[in-house]
Amino acid sequence: MVATSRGELPDLGPGWRSCAATTSGRAVNTDNGDILSTAETTQGAAQIDDPTCGKEAIKKASRAFAQEMIKKIAARWTKDVSAGNDVHVTVRKVPSFRTASDFRSALTHHVRGVRNVSQRSFASGTQELDVTLRGSTEEFAQEVEAKKLGKFSVRVLGLTANTVDLELGQ
């Protein structure tokens, strides 16, 4: 946030000052680092002295910035919900690549709300998946743990709004 004086405004009377403030920022999804929204706003103000003028311009710029960010974040969340919730799933104790492929298929076919499953990586018994689902991460975790997915049993080790950590059993 930066406020600058633009000089005197003689039309308003002696001593009146013009100022402008610019506010910029971005909102970041802390689970995966995705940028949800960015905005920059500039607003002007006129007051009798520079400090008061700067404060007024900052207030106006902050209000406009907040309104723009709220609108953009709400639009992004609406789009994300209608497209499905992207969840990063880590699966531990996966003994082989074949088991990883079978588990990925089991998620697609046996868990309600799963729209898509993409494998990010598989190494040293740990599988990283991107899962697109309709519904919440918590509902997904409850369903995965409660159901026997074909030959797999699963234990939920942890979850956040966009991540689920699982342990595979057979």
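The values are calculated or read from the model by the stated rules, or taken from the named source; none is laboratory data. Here the structure is a predicted model, which is why all the values come from computation and not from measurement. Don't worry about glycine lacking a Cβ; one is built from the backbone with ideal geometry, like all the others, and counts go over all protein chains shown. Surface accessibility is based on the protein's heavy atoms, side chains included, excluding ligands, DNA and RNA. Shrake-Rupley method; radii C 1.70, N 1.55, O 1.52, S 1.80 Å.
Using a probe of 1.4 angstrom, how much of the accessible area of the range 1-135 is carbon and sulfur, in percent? Ligands and nucleic acids excluded, carbon and sulfur give 51 percent.
Across the protein chains, with a 1.4 Å probe defining accessible surface, the residues Leu157, Leu12 rank Leu12, Leu157 from largest area downward. Computed over neighbours whose Cβ is under 10 Å from that of Val131, the net charge equals 0, Lys and Arg +1, Asp and Glu -1.
Considering helices alone, the calculated mean residue ellipticity of the chain at 222 nm is -11500 deg cm²/dmol, with DSSP H runs of length four and up weighted by -39500 (n - 2.57) and normalised per residue.
With the convex hull drawn around the C-alpha atoms of the range 4-58, the volume per residue stands at 66 Å³. Excluding Ser82 itself, what net charge comes from residues whose Cβ is under 12 Å from its Cβ, given Lys and Arg +1 and Asp and Glu -1? After counting each charged neighbour, the total is +3.
Sequentially through the range 6-23, phi angles give Karplus couplings (6.51, -1.76, 1.60; θ = phi - 60°) of 10, x, 7, 10, x, 5, 8, x, x, x, 6, 10, 10, 9, 9, 10, 10, 10 Hz, Gly and Pro residues having no value and appearing as x. Distance distribution P(r), the range 87-157, all Cα-Cα pairs, bin width 10 angstrom from 0: 21, 62, 18, 0 percent.
Dipole magnitude for the chain: computed about the Cα centre from +1 point charges on Lys and Arg Cβ and -1 point charges on Asp and Glu Cβ, it is near 600 debye. Solvent-accessible surface of the range 55-170, averaged per residue with a 1.4 angstrom probe and all protein chains in place: 58 square angstrom. When the chain is treated as a Gaussian network with alpha carbon springs shorter than 10 Å, the biggest mean-square fluctuation among Asp11, Asp130, Asp80 belongs to Asp11.
Could you calculate the contour length gain from Asp130 to Asp50, that is, 0.36 nm times the residue separation minus the distance between their Cα atoms, to one decimal place in nm? Could you put the intermediate results ahead of the total?
Values: separation 80, 0.36 × 80 = 28.80 nm, distance 5.24 nm.
Between Asp130 and Asp50, full extension yields 23.6 nm more.
Taking other residues whose beta carbon is less than 15 angstrom from the beta carbon of Leu168, and scoring Lys, Arg as +1 and Asp, Glu as -1, yields +3. Our summary of shape: the Cα atoms of the range 1-129 have principal axis extents of 81, 30, 13 Å, ordered from largest down, in whole angstrom. Extension gain for Glu139 to Lys151 (0.36 nm times residue separation, less C-alpha to C-alpha distance): 2.2 nm. Mean separation of Cα pairs under 8 Å and 6+ residues apart, divided by the residue count of the range 1-159: what relative contact order is that in percent? Here the relative contact order equals 16 percent.
Between Ser96 and Ala75, the FRET efficiency from the beta-carbon distance, with R0 = 45 Å, is close to 0.55.
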